[in-house]
Amino acid sequence: MAAFARHKAGIVRWILGLFCCAALCGCEQAPLLSQREVVNAVFFESQNNGCKVLLLVADHTSSEQQTQAGFRAVEGVGKTQAQALAAAEDALDGQVFYGLMDLAVVPVSYGWEEVTEIGRLLYQNAKPAPQITLLMTERLPDGEKAGELYTEMKDGVARYGLTNGLQELFSAQNECALPIWQGTGYGFSILQKGQQASRWNEKLAAQLAAVLCGQTDRIMCTFDQGKIALQTKVMVQAEVSGRETVVHLTLVEPELQDLENIGYSDSQLQALLCDELQQAYADMTADSYTGSFDPFHTRIQRFSVVGREETIPVPALCLHLES
């Protein structure tokens, strides 16, 4: 019994020693989520002498009715994006937490170099790395409107089925593509390293570009100068036949509505849609398909058939309307 008592006492002293070591080492429990500055979105804006960053953070101090649905905005400025982001973080009261951030917004004036630099900065700072949607916009909102814009953008991303994430910036070596938020619908921009960006603001062309870049599976907009509404799911498949590449675009059960009651028949509506899609495609490929640039990613299909090529030919567009 005495030996057992001595053994038990030794175990107790060992456990107490562990607690003492933990206390002396200054071990602390990680702060609770409610004790952190939870970032929901980050907005970047270009300025003449540098950059401005706006962090949209959850507001735990006031009711939702008092603070833009529970948000507050904190600003920072600097000569670089990293310096401006650090300044905004320093203006926060608590420990910054990016684990719930789901939106990053950059200026439409930024080129490939600036956008990818922001991407690397967010990958470095936003840990654990969340699923972040990346959009472009014309101008940064006032801090008081940032929460409203965040909600509007998130609703729009869901409505239009956009799947553009931070990882898309680095899926190709010297190019990337981003939606441009326009309030009602979106534009689209394809950026190349060292080149001027290709940009489409007209809704049908922008959504067609997003489909061909794999960033959405639907088209929802008006065309023919706003006279006809279109809503459809889409599927894309590239086919290589000899030296030619054909992009097959299938519109699944397209819904077409004559908004001005002009009296178009179904076949006329479909013909107008095909004409406008072909024209939009011709315009965007003339603007963006140059040299070895491959914005709609047909190079892989061609390589399996014809091997390596210095110049990628413009693929033809074949439309299919599936009832």
Which residues in the stretch 85-102 place their backbone N less than 20 Å from a point set 7 Å from the Cα of residue 109 along the Cα-to-Cβ direction? 85
Phi to ³J(HN,Hα) by Karplus 6.51 cos²θ - 1.76 cosθ + 1.60 over the stretch 184-200, Hz, x for Gly, Pro: 10, x, 8, x, 8, 9, 10, 10, 10, 4, x, 10, 6, 5, 8, 9, 10
Between their Cα atoms, which of 52/203; 154/193; 203/233; 79/193 are more than 18 Å away from each other? 52/203; 154/193; 79/193
Per residue of the stretch 86-98, in order, report the coupling 6.51 cos²θ - 1.76 cosθ + 1.60 (Karplus, θ = phi - 60°) as ³J(HN,Hα) in whole Hz, putting x for Gly and Pro. 4, 5, 5, 5, 5, 6, 7, 7, x, 6, 6, 9, 9
Considering only protein heavy atoms and a probe of 1.4 Å, how much of the accessible area of the stretch 34-170 is carbon and sulfur, as a whole percent? 44 percent
Given backbone amide H placed at 1.01 Å from N, residues whose amide H is under 5 Å from that of residue 100, ignoring those fewer than 5 places away on the same chain, are 39
Using a/c under 1.5 as the rounded threshold, could you call the stretch 34-170 rounded, prolate or oblate? The axes a ≥ b ≥ c are square roots of the C-alpha gyration tensor eigenvalues, and prolate needs a/b larger than b/c, oblate otherwise. rounded
I'd like the trypsin sites (Lys or Arg not before Pro) in the stretch 90-147 restricted to DSSP loop residues with at most 16 other Cβ atoms within 10 Å, sorted by number. 139
Under the Karplus relation with 6.51, -1.76 and 1.60 and θ = phi - 60°, whole-Hz ³J(HN,Hα) for the stretch 229-241, x at Gly and Pro, equal 9, 10, 9, 7, 7, 9, 10, 10, 8, 9, 10, 10, 10
Sequence-distant or interchain residues sharing an amide H contact under 5 Å with residue 227, placed H: which? none
Taking H placed 1.01 Å from N in the peptide plane, check which residues at least 5 places from residue 217 or on another chain put their amide H under 5 Å from its amide H. none
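The values are calculated or read from the model by the stated rules, or taken from the named source; none is laboratory data. Owing to the predicted nature of the structure, the values given are computational and were not obtained by experimental measurement. Because the Cβ atoms are built from the backbone with ideal geometry, glycine has one as well, and the counts that use them run over all protein chains shown. Areas reflect the complete protein model, heavy atoms only, side chains present, ligands, DNA and RNA absent. Shrake-Rupley method; radii C 1.70, N 1.55, O 1.52, S 1.80 Å.
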